[in-house]
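Chemist: Input: one structure, supplied below.
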Amino acid sequence: MYQSQVGGYNGRSTVPMFWDSMENRVVNNESADIIEILNADFNHLARNPGLDLAPPHLKADIDRWNQIIYPNVNNGVYRYLLVFFCVMLLAGFGPSKNPL
């Protein structure tokens, strides 16, 4: 999907991804942005369209928590996997061996 985009893309593919199936394009791949898009732009499809999961009076708190959670949890998973695979390579487990 990423490589099919205008201009191409040869970087790391990530999920989640918000895909526009009508225009066959990536809308966004940042989880915090996707949550905001779904909360703001798709209420007409919701069972409870009046529910605001990010009310203005909580926006500063939500942003503050996202600044803590994103680097430590979301990106922390990628850092852990990078270290894990480096250790496996150093231990002699290459593409032809399965450590699991």
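The values are calculated or read from the model by the stated rules, or taken from the named source; none is laboratory data. Model, not experiment: these values are computed from the prediction. Glycine also receives a Cβ, built like all others from the backbone with ideal geometry; neighbour counts cover every protein chain displayed.
Chemist: Identify all residues within the stretch 1-29 that are small (Gly, Ala, Ser) and modelled with pLDDT of 80 or more; write none if there are none.
Modeler: Scanning the stretch 1-29 gives a single hit, Ser21.
Chemist: Also, I was wondering about something else. Which pairs have Cβ atoms under 8 Å, sit 6 or more apart or on different chains, and link a residue in the stretch 59-78 that is assigned to a helix (DSSP H, G or I) to one that is surrounded by 10 or more Cβ atoms within 10 Å (Cβ to Cβ)?
Modeler: Ile62/Ala54; Asn66/Ala32; Tyr70/Ala32; Asn74/Ser31
Chemist: Kindly list the number of the only condition in (1) at pLDDT 85 or above; (2) polar (S, T, N, Q); (3) more than 24 Å from the chain's Cα centre (by Cα) that fails for Asn43.
Modeler: (3)
Chemist: Check Ala32 against each of (1) modelled with pLDDT under 85; (2) loosely packed, with under 10 Cβ neighbours inside 10 Å; (3) not basic (Lys, Arg) and name the one condition it does not meet.
Modeler: (2)
Chemist: Further, regarding this structure: Restricting to the stretch 60-79, give me the number of residues that are charged (D, E, K, R) and loosely packed, with under 11 Cβ neighbours inside 10 Å.
Modeler: Residues in the stretch 60-79 being charged (D, E, K, R) and loosely packed, with under 11 Cβ neighbours inside 10 Å: 2 in total.
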